[in-house]
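Below is one structure, written out as structure tokens; the observations come after it.
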Amino acid sequence: MTISLRALLGATALCALSGAALAETTITVATVNNGDMIRMQGLMDDFYAKHPDIKVEWVTLEENVLRQNVTNDIATGGGQYDVMTIGTYEVPIWGKQGWLVSLNDLPASYDVDDLLPAIRGGLTVDGNLMAAPFYGESSMVMYRTDLMEAAGLTMPDAPTWAEIEKAAAAMTDKSKDQYGICLRGKAGWGENMAFLTAMSNSFGARWFDETWHPQFDQPEWKATLDTYLHLMNEYGPPGASNNGFNENLTLFQQGKCGMWIDATVAASFVTGKDSTVADKVGFALAPDNGLGKRGNWLWAWSLAIPTSSQKQDAAKTFIDWATNKDYLALVAAKEGWANVPPGTRTSLYENPEYQKVPFAKMTLDSINAADPTAPTVKPVPYVGVQFVAIPEFSGMGTTVGEFFSAALAGQISADDALAKAQTAVTDEMTAAGYIQ
Amino acid sequence: MARAVTPTHRLIATTAAWTVALVIFFPVLWMILTSFKTEPSAVASPPQLFSADWTTENYVEVWSRSDYPRFFWNSVVISLGSTLLGLAIAIPAAWSMAFVPGKRTKDLLMWMLSTKMMPAVGVLIPMYLLFQRLGLYDTKLGLVLALMLINLPIIVWMLYTYFKEIPGEILEAARMDGASLWNEVLYVLTPMAVPGIASTLLLNVILAWNEAFWTITLTTTKAAPLSAFIASFSAPQGLFYAKLSAASTMAIAPILILGWFSQKQLVRGLTFGAVK
């Protein structure tokens, strides 16, 4: 073999090797359109600098459409998505079905023990971490400090429902279009039922007993709904049965709500540049009734890998980058600490810089006050604070939400709404085989 | 005898027509105005039709955050492709139904139309699985076939109605002159039905352009058209209305312009055969 021929062969082999080394793996990430996710898409240069061999393609969809498409894909083993953005409702269900890849083998630098215990618990199935939290949230009371002061009241850090009612009464002045309390009324399992299910925990209510029998005919649910309707009818804004997160946010930002109990993520909006009351907002834990459980929920948008993905290693690399401590530092450096995705890591809340963010402590306390594995006073056979992690819940939750929304609109009584809920859920659970 | 139209009648009719047109157009107008508002103005309570702080910032952000030309091109290929393929199948089908009807032609037409009566979600899983197994998922070819099949009953029905208006004697005369079947359809029937074919084409391009259920369900990144582009700006908690409106305006603008320039053809085609 001549020298030139050997050189040619060598060069060809080198080219082939370098080509293989530079081969790009493209992963498809399905996500929702929210501020934190959009921010991450803007910081992808950092990921590409560290992992030039992985390209990320985004599919951004509205939450319900995303849920439908991702469910279709995962249930049929389609493999169209390599990373999915899913919530704490899906993780236990899909994890049990064997649809998600365990993330137990993320590198040590990921520091899984740094994850907030409540969030980690909601994403763990049979001891395996099935999704990595991107941001976590709970719910809390956001209130107007100036109106409380004018009424001669002080909001405790951990109020009771009786104290909330007293404050709502004192801050209501309907002639000035000022309402003591704004709560979700729009029907939906993720709308009014997220709030009401979390609220019911503080009254000792539960969706099901240990044998999956619905509990809407029990006094705890009656007390929950009566209190909610009383608060909203006496001190709430008109047309509240159509109000969801966005409508209440607008009302609060415009100074029309004395209190608003909703997602902790709203804290940055009510104190942000679009709020007319930004410098007059205080925070408190969601109320309780002295039964040991508060009316706050727990949610985390998390990144998971479906077992149908053909590119699981690249997907894990991406998830590690997007949810580790370095990413939080990256966001802080580029966008400021207030814009760091909250509610996932203990170390974030130990950071002196982050502690300066006004709602940081209350967010952490709220998250820690929720326990998805023991959400209410009595024992339950399910996981989930403001939902029941079974596939049938989304349909049932929306049905019950429609009854409760109708009660708020004055179309039916509270007793009728509870009776209808009991019948509908019993029928559904019987049909699904939970009740024999 | 034609009835005389008094100025009062004309005024009432004109006012009524403008009122109906405004009511129909109002949501689109609202969307366009919202796209030029800031986010707080877009969700102000009570709602404001006109804003104090107009901005084009939403368009800048929507453009910079997504690959609009790719979504646009996919929409063009999918809507035109599905319509042209549908016409190629529907013209011979409508010809046979109009000029050589069988005993069951009416039943066949009704059956075709009945497929439009089923909610799309009813066949979601079978369609999804078929697309996956056949390798059609997230491909333009897959969507061209899906939308063609979805709109085929409408195309056949529209063409059938137009063809029925054409006297069969003209086709017979062509046959007497020795025209083959192919020549009869291509050189005699088609030119006479141009207004009808054109309006069918335009209407089905619009239907395919605006289709959102299948185009979002059966795509991820490669074949996603403008409907998916809009969906990507819809936020989980209803935030970012102004940007969503900007994305929606950008998505409907091409088809709105097409409709505007071809409205004469569209109306002529749609009213073809309405008056004998």
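The values are calculated or read from the model by the stated rules, or taken from the named source; none is laboratory data. Here the structure is a predicted model, which means the values were calculated and not measured. FYI the Cβ positions are ideal-geometry reconstructions off the backbone, even for glycines, and counts take in every protein chain you see.
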Suppose we filter A:GLY152, A:GLY127 for residues that are free of Cβ contacts under 8 Å to residues at least 40 places away in the same chain, surrounded by fewer than 23 Cβ atoms within 10 Å (Cβ to Cβ) and closer than 30 Å to A:ASP105 by Cβ; which single one remains? A:GLY127
Can you spot a residue in region B:184-192 that is of a type in the set (S, T, N, Q) and either on the phi > 0 side of the Ramachandran plot or within 14 Å of chain A (Cβ to nearest Cβ) (or both)? no
When you scan region A:41-52, how many residues do you find that are within 14 Å of chain B (Cβ to nearest Cβ), part of a helix (DSSP H, G or I) and in contact (Cβ under 8 Å) with a residue 12 or more places away in the chain? 2
Based on this model, can you work out whether A:VAL101 counts as away from chain B (no Cβ under 14 Å) and modelled with pLDDT of 90 or more? yes
Within region A:53-64, which residues are surrounded by fewer than 20 Cβ atoms within 10 Å (Cβ to Cβ) and not in a strand (DSSP E or B)? A:ASP53, A:GLU63, A:ASN64
Scan region A:75-88 and tell me whether some residue there is under 24 Å from A:GLU335 (Cα atoms), away from every other protein chain (no Cβ under 11 Å) and aliphatic (A, V, I, L, M). no
Among all residue pairs at least 6 apart or on different chains, which show Cβ distances below 6 Å where the first residue, located in region A:25-40, is more than 10 Å from chain B (Cβ to nearest Cβ) and the second is of a type in the set (Ser, Thr, Tyr)? A:ASP36/A:TYR135
Which ones in region A:88-103 are β-branched (Val, Ile, Thr) and either within 20 Å of A:ASP313 (Cβ to Cβ) or part of a helix (DSSP H, G or I) (or both)? A:VAL91, A:ILE93, A:VAL101
Scan region B:194-203 and tell me whether some residue there is more than 21 Å from A:TRP58 (Cα to Cα), surrounded by 21 or more Cβ atoms within 10 Å (Cβ to Cβ), among the polar types (S, T, N, Q) and away from chain A (no Cβ under 14 Å). yes
Within 14 Å of chain A (Cβ to nearest Cβ) and either under 20 Å from B:PHE233 (Cβ atoms) or of a type in the set (Lys, Arg) (or both) - does that describe any residue in region B:4-15? no
If I ask for residues that are of a type in the set (D, E, K, R), touching a residue at least 24 places away in the same chain (Cβ under 8 Å) and assigned to a helix (DSSP H, G or I), which ones from region A:239-279 would you list? A:GLU247
When you scan region B:63-75, do you find a residue that is within 30 Å of A:PHE252 (Cα to Cα), under 28 Å from the mean Cα position of the chain (by Cα) and at pLDDT below 90, even just one? yes
Restricting attention to region A:107-116, does a residue exist that is in the same structural domain as A:LYS280 (by TED's automatic domain parsing) and outside any strand (DSSP E or B)? no
The correct count of residues that are within 14 Å of the chain's Cα centre (by Cα) and crowded, with 24+ Cβ neighbours inside 10 Å in region B:210-224 is 1
Checking A:GLY79 against (1) modelled with pLDDT of 90 or more; (2) assigned to a loop (DSSP other than H, G, I, E, B), which test does it fail? (1)
Considering B:ILE170, B:ILE154, B:ILE166, which residue is surrounded by fewer than 19 Cβ atoms within 10 Å (Cβ to Cβ), β-branched (Val, Ile, Thr) and more than 30 Å from B:GLY259 (Cα to Cα)? B:ILE170
So which residues in region A:53-81 are without any contact (Cβ under 8 Å) to a residue 24 or more places away in the chain and over 22 Å from the mean Cα position of the chain (by Cα), if there are any at all? A:THR76
Identify, by number, the condition in (1) closer than 22 Å to B:ALA44 by Cβ; (2) away from every other protein chain (no Cβ under 11 Å); (3) of a type in the set (A, V, I, L, M) that A:ALA223 doesn't meet. (1)
Working only within region A:337-387, note down all residues that are in a loop (DSSP other than H, G, I, E, B), more than 27 Å from A:GLY397 (Cβ to Cβ) and either among the aromatic types (Phe, Trp, Tyr) or touching a Leu at 6+ places or on another chain (Cβ under 6 Å) (or both). A:VAL340, A:PHE359
Please find, among B:ILE230, B:ILE216, the residue that is modelled with pLDDT of 90 or more, in contact with a strand residue (DSSP E or B) (Cβ under 9 Å, 6 or more places away or on another chain), assigned to a helix (DSSP H, G or I) and within 14 Å of chain A (Cβ to nearest Cβ). B:ILE216
For A:ARG144, indicate whether it is within 22 Å of A:ASN296 (Cα to Cα) and without any contact (Cβ under 8 Å) to a residue 24 or more places away in the chain. no
When restricted to A:ALA300, A:ALA284, A:ALA332, the only residue more than 18 Å from the chain's Cα centre (by Cα) and in a strand (DSSP E or B) is A:ALA284
Options B:LEU149, B:LEU143, B:LEU129: the member that is modelled with pLDDT of 95 or more and in a helix (DSSP H, G or I): B:LEU143
Lone qualifier among A:ALA267, A:ALA240 - being closer than 30 Å to A:ALA118 by Cα and either more than 12 Å from chain B (Cβ to nearest Cβ) or surrounded by fewer than 20 Cβ atoms within 10 Å (Cβ to Cβ) (or both): A:ALA267
Is there any pair with a first residue in region A:411-425 that is in contact (Cβ under 8 Å) with a residue 40 or more places away in the chain and part of a helix (DSSP H, G or I) and a second that is surrounded by 14 or more Cβ atoms within 10 Å (Cβ to Cβ) and of a type in the set (A, V, I, L, M) whose Cβ atoms are under 6 Å apart and which are 6 or more apart or on different chains, and what are they? A:ALA414/A:LEU225; A:ALA414/A:LEU229; A:ALA414/A:ALA407; A:ALA417/A:ALA407; A:ALA421/A:VAL400; A:VAL425/A:MET396
Taking only region B:13-68 into account, find how many residues are under 28 Å from A:THR276 (Cβ atoms) and not in a helix (DSSP H, G or I). 18
